[in-house]
Amino acid sequence: VQLQASGGGLVQAGGSLRLSCAGSGLTLSNYRVGWFRQTPGKEREFVAATDGMRLYADSVKSRFTISRDNAENMVFLVMSSLKPEDTAVYYCAAKRAFSARYDFWGQGTQVTVSS
């Protein structure tokens with residue numbers, strides 16, 4: 001089982017990026033898939049998740065959109081109106097419905113927003 005996060009990069013404030021999470025060895029449509037982010041010295045924080053419903057952290061609501069492409073076994077995070085405080089390593093993760101925690105994690109992709 002592997003999750004591969006990609007799409008990070010350097011963008012100016014106000015710009016957009018699309019992150020991708022590709023699953024192998026598991027069918028992402030059978031899982032809640034979430035995006036999390038972490039900056040040095042801080043705990044990993046929830047950004048967004050989808051399992052049919054879409055959930056967002058208040059800090060990204062109306063700016064970020066999570067979506068699925070079940071045919072491609074991928075989940076995306078479109079980030080718009082990016083702010084310097086969105087700078088972080090972004091991780092995707094997958095959770096079974098009955099799991100208390102996310103079962104599988106990707107390796108992370110760096111997003112840097114310059115002011």
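The values are calculated or read from the model by the stated rules, or taken from the named source; none is laboratory data. Just so we're clear, the structure is a prediction, and the values are computed from it rather than from any experiment. All Cβ positions, glycine included, derive from the backbone under ideal geometry; neighbour counts span all protein chains shown. Surface accessibility is based on the protein's heavy atoms, side chains included, excluding ligands, DNA and RNA. Shrake-Rupley method; radii C 1.70, N 1.55, O 1.52, S 1.80 Å.
Of note:
- Given (1) surrounded by fewer than 14 Cβ atoms within 10 Å (Cβ to Cβ); (2) more than 24 Å from Thr27 (Cβ to Cβ); (3) of a type outside the set (A, V, I, L, M); (4) without any contact (Cβ under 8 Å) to a residue 60 or more places away in the chain, number of the condition Gly52 does not satisfy: (2)
- Among the residues of the range 68-82, those that are open to solvent by 80 Å² or more (accessible area, probe 1.4 Å) and touching a residue at least 12 places away in the same chain (Cβ under 8 Å) comprise Asn70, Glu72.
- If the condition is being surrounded by 18 or more Cβ atoms within 10 Å (Cβ to Cβ) and either among the polar types (S, T, N, Q) or without any contact (Cβ under 8 Å) to a residue 24 or more places away in the chain (or both), then the range 88-115 contributes only Thr109.
- Annotation: of all residues in the range 28-48 being open to solvent by 70 Å² or more (accessible area, probe 1.4 Å) and outside any strand (DSSP E or B), the one that is nearest to Thr87 (Cα to Cα) is Pro40.
- Among residues of the range 9-30, those that are closer than 18 Å to Ala49 by Cα and in contact with a Leu (Cβ under 9 Å, 6 or more places away or on another chain), counted: 9
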